[in-house]
Amino acid sequence: MVARDFSRHFDPAYSSNGLIGIRPGPNPLAQAAAALSGFVYAHLPYQMQALSPAPYPLMMDVVAGDVSLLGRPDLLQIHRQALDMATGELSTRMTFSPRTSARFQHEILQFASRSVPALMCQEVRITPSANVQALLASQIGTKGVPGTVYRQYPPPQTKIDLVIGIRSHGGLSKMGAAVMMLPGPGITRAGEPFATVERLIRRYEFHGRAGETIRFQTIAAMVSEFYHPEPELEAIRMARWGATLGFDFLRKENRARWAELWKSRAKISGDAESQKVLDASFFYLHSSLSPSDKTGMAPFGLSQTGAYYGLSSWDTESWSLIPVMLASPATAKSLLEFRRRSLGHAKKLAALYGYRGAQFPWEAAPVDGFESTPTFAATGWEEQPSTPDVALGFWECQVADGDEGFLRQATWPVLKALAQWIVSRGVYTRRGLEIHHIMGPDEGSPDVNNDAYVNVITKTVLQDAGQCEQKVGEVAPASWQRAARRLFVPMDSSKNIVLPCDHPPEGKNYPIGGLDMLTVHAPPVSKALLRRTFNFEETLRARRAPSIGFATAAAAATAAYLGYRKQAQSMSRTAWAADGMEPVGMLKEAPVETYGCFLTNCGSLLQTVMLSFTGLRIREGDWRAYPANLPEGWSKIEIDQVWVKGNPRALVAESGKLVRWME
């Protein structure tokens, strides 16, 4: 993804490895937004635990005479910025022209290390147009970081260029950042580090010769208190470790990690535009995750701290977990471990509502996973589908991976708690087990009875809990089987379709797409019933503006399952057509927004392509549930590496044929 026109504002590039995320602007040496896994604060003004803005550790100034690159952006010309999604590297070319001195050609390379995810790496190459003496100033920028600096200098006898420790607003956590410089020949230190209100600075002198390039490498470490109780000291150690390994080694290892991940890329034949979107979706989803990440997955990853505040929600298990599991089982397990670790909080939350078992929150705090939905949002208490969503994610990953130890330590405890929750949450009537006073995925329909999505996914997970019970050799209460058997699904008997809920509103407010969101999870609904429901809802969908991207991709999954290849093609493109953001290929949550990297849309597109279009379902035995139905115009889907029961396999999918597996 390449940017050459900087005359207009665009959402900045995003570089991350799952622990650190930065958003460098056209000039990546200037202050930029950053986020750090586990660094949380008492949100301003809502006060709940949220992901905090973090310092930017890769700032650098060039001072020629008394003219500063950072102080005079009008003297800077950006020529080109490219994000190489094959390697996760961001490269920028620009020229600084102080007028009274030489011009300085800059080439800047940045990447977030995947092999040592506490590290960010940067290399700056500077070529002056004439012989010159100038200053370089490496900096950690703290502008916009709410909190208190408690360390600005290293302990005695400690070799480090810059170190800072910050306690977040509200005192909820601490973080440390440390920077180790690896200057090339002709660059020497100029004095000791010093601090200003908005940055920590260390200066270097360099004597440049006309046309000769100098190289200045930076290894920056960032650590939150979640990972170490003395984060600023551990950041020093990590930065020193990075310097020991060296920039070139870290770059080589980073490229190797990305090359391994890209083996799980879905390659489609017949639609180059969709291929580009799928590749960008794959890149941004995996950029935002790591096997080392222990704090869950926010809908926007670490790309920002504003939208959804860095909190984990149903998005993870419903839309992103399976494509992650198929490409990187260790990463998927780290996401599940976050939920397992928060199971105690989920049990306490259920108790507050008067239920048994566990109720996972709609939006979970990054550090401990407890309920952290802002109090102005009714979703915090009305929207409770997160509980079966989480349980379904555990079961599908269990089936996909087959880890027996994980089965007993994590999967069974979560499914057991879900079954206990639904038995206590439901109410038996003459119609069966009903779920009253709930909000489903359609937030425009609050406080309904028997939301179809909720009841169907709950029935699915109760059946999964029964299978899990047999695997671990437990004997479940008879109430579980009774609940699964008698769970009520609202129907319109005249049309013989599934209703979205009891007494749904008519007209434009009639909720649609609830069953579509479960198609790739093989819900216990007959194909004939799903077809009639889909066909009816399609008459309504045709008269409305497109739904949010992940919901439209889910509708494309249903269309493919039903054999409607033309609709599958149209819907799959509609799912991203209005949400793409140039020049870096991120997807927005909705067309009206101005910010991107909504990972839920990315995960939904990948999940639809990898499972529904290919005819695969995560289940015991043969995953090939039915012949592939590719969108019209697509001739083939190929994936070189899909992880099945701990083993890598390749697949080829062609319409009308069962997937061909290859070792």
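Observations, loosely collected:
- Of the numbered criteria (1) assigned to a helix (DSSP H, G or I); (2) aliphatic (A, V, I, L, M); (3) free of Cβ contacts under 8 Å to residues at least 60 places away in the same chain, the one Leu518 fails is (3).
Per-residue answers, yes or no, for (1) closer than 27 Å to Thr600 by Cα; (2) buried (at least 16 other Cβ atoms within 10 Å of the Cβ); (3) in the same structural domain as Tyr355 (by TED's automatic domain parsing):
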position: Val423; (1), (2), (3): no, yes, yes
position: Arg430; (1), (2), (3): no, no, yes
position: Met439; (1), (2), (3): yes, yes, yes
position: Ala452; (1), (2), (3): yes, yes, yes
position: Gln463; (1), (2), (3): yes, yes, yes
position: Ala476; (1), (2), (3): no, yes, yes
position: Val498; (1), (2), (3): yes, yes, yes
position: Leu518; (1), (2), (3): yes, yes, yes
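- Selection of the range 76-106 for residues being crowded, with 16+ Cβ neighbours inside 10 Å, aliphatic (A, V, I, L, M) and at pLDDT 95 or above yields Leu76, Ile78, Ala82, Leu83, Met85, Leu90, Met94.
- With a requirement of 1 or more residues that are polar (S, T, N, Q) and out of contact with any strand residue (DSSP E or B) (no Cβ under 9 Å at 6 or more places or on another chain), the helices (runs of 4 or more DSSP H) lying completely within the range 306-380 that satisfy it span 329-341.
- Residue among Ala102, Ala50, Ala13, Ala30 that alone is in the same structural domain as Val149 (by TED's automatic domain parsing), in a strand (DSSP E or B) and not basic (Lys, Arg): Ala50
- Leu109, sole failed condition from (1) crowded, with 21+ Cβ neighbours inside 10 Å; (2) within 19 Å of Phe247 (Cβ to Cβ); (3) aliphatic (A, V, I, L, M): (1)
- Which numbered condition Lys159 fails, given (1) part of a loop (DSSP other than H, G, I, E, B); (2) at positive phi: (2)
- Residue within the range 127-142 that is in contact (Cβ under 8 Å) with a residue 24 or more places away in the chain, among the small types (Gly, Ala, Ser) and in contact with a Gly (Cβ under 6 Å, 6 or more places away or on another chain) present: no
- Flag if Lys636 is closer than 24 Å to Arg565 by Cα and among the basic types (Lys, Arg): yes
- Against the list (1) buried (at least 21 other Cβ atoms within 10 Å of the Cβ); (2) assigned by TED's automatic domain parsing to the domain that holds Ala32; (3) at pLDDT 95 or above, the condition Pro193 fails is (3).
- Checked against the criterion of being small (Gly, Ala, Ser) and either outside any loop (DSSP other than H, G, I, E, B) or crowded, with 24+ Cβ neighbours inside 10 Å (or both), the candidates Ala560, Ala545 yield just one match: Ala560.
- Residues that are assigned to a strand (DSSP E or B), under 23 Å from Pro55 (Cα atoms) and either of a type in the set (S, T, N, Q) or not assigned by TED's automatic domain parsing to the domain that holds Ala239 (or both) within the range 108-142 comprise Gln110, Gln122, Ser138, Gln139, listed in sequence order.
- For the range 180-198, the count of residues that are closer than 15 Å to Pro55 by Cβ, assigned to a strand (DSSP E or B) and touching a residue at least 60 places away in the same chain (Cβ under 8 Å) is zero.
- Test set (1) at pLDDT 95 or above; (2) at negative phi - His437 fails condition number: (2)
- Residues located in the range 381-395, provided they are out of contact with any helix residue (DSSP H, G or I) (no Cβ under 9 Å at 6 or more places or on another chain) and outside any loop (DSSP other than H, G, I, E, B): Trp381, Glu382
- Residues being outside any strand (DSSP E or B) and out of contact with any Phe, Trp or Tyr (no Cβ under 6 Å at 6 or more places or on another chain) - total across the range 618-663: 25
- Yes/no for Ala365 being more than 16 Å from Phe394 (Cβ to Cβ), surrounded by 24 or more Cβ atoms within 10 Å (Cβ to Cβ) and either small (Gly, Ala, Ser) or free of Cβ contacts under 8 Å to residues at least 40 places away in the same chain (or both): yes
- Within the range 281-296, at least one residue is assigned by TED's automatic domain parsing to the domain that holds Ala330, surrounded by 22 or more Cβ atoms within 10 Å (Cβ to Cβ) and touching a Phe, Trp or Tyr at 6+ places or on another chain (Cβ under 6 Å).
- Taking the criterion of being within 21 Å of Ser281 (Cα to Cα) and surrounded by fewer than 24 Cβ atoms within 10 Å (Cβ to Cβ), the residues of the range 1-17 that qualify are Met1, Val2, Ala3, Phe10, Asp11, Pro12.
- Matching residues in the range 58-99 - criterion: being small (Gly, Ala, Ser), outside any strand (DSSP E or B) and more than 33 Å from the chain's Cα centre (by Cα): Gly65, Gly71, Ser97
- Residues of the range 41-58 that turn out to be closer than 17 Å to Ala235 by Cα and of a type in the set (A, V, I, L, M), as a count: 2
- Sole residue being within 28 Å of the chain's Cα centre (by Cα), surrounded by fewer than 17 Cβ atoms within 10 Å (Cβ to Cβ), over 17 Å from Ala178 (Cα atoms) and touching a residue at least 60 places away in the same chain (Cβ under 8 Å), chosen from Glu205, Glu253, Glu212: Glu253
- Meets criteria (part of a helix (DSSP H, G or I) and either surrounded by fewer than 18 Cβ atoms within 10 Å (Cβ to Cβ) or outside the structural domain of Met85 (by TED's automatic domain parsing) (or both)) for Glu589: no
- Boolean, Pro511 is of a type outside the set (A, V, I, L, M, F, W, C), touching an Asp or Glu at 6+ places or on another chain (Cβ under 6 Å) and farther than 29 Å from Ala410 by Cα: yes
- Residues of the range 156-189 classified as within 26 Å of the chain's Cα centre (by Cα) and among the hydroxyl-bearing types (Ser, Thr, Tyr), total: 2
Residues are listed down the side, and each one gets a yes or a no for (1) touching a helix residue (DSSP H, G or I) at 6+ places or on another chain (Cβ under 6 Å); (2) more than 29 Å from Asp368 (Cα to Cα):
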position: Glu225; (1), (2): yes, no
position: Glu234; (1), (2): no, no
position: Arg237; (1), (2): no, no
position: Ser269; (1), (2): no, yes
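- Residues of the range 496-510 include none that is assigned to a helix (DSSP H, G or I) and either aliphatic (A, V, I, L, M) or modelled with pLDDT of 95 or more (or both).
- Qualifying residues in the range 548-557 (those that are part of a helix (DSSP H, G or I) and among the aliphatic types (A, V, I, L, M)) - the one nearest to Thr533 (Cα to Cα): Ala555
The values are calculated or read from the model by the stated rules, or taken from the named source; none is laboratory data. Keep in mind that this is a model prediction, so the values were computed, not measured. Every residue, glycine as well, gets a Cβ built from its backbone with ideal geometry; the counts of neighbours run over all protein chains shown.
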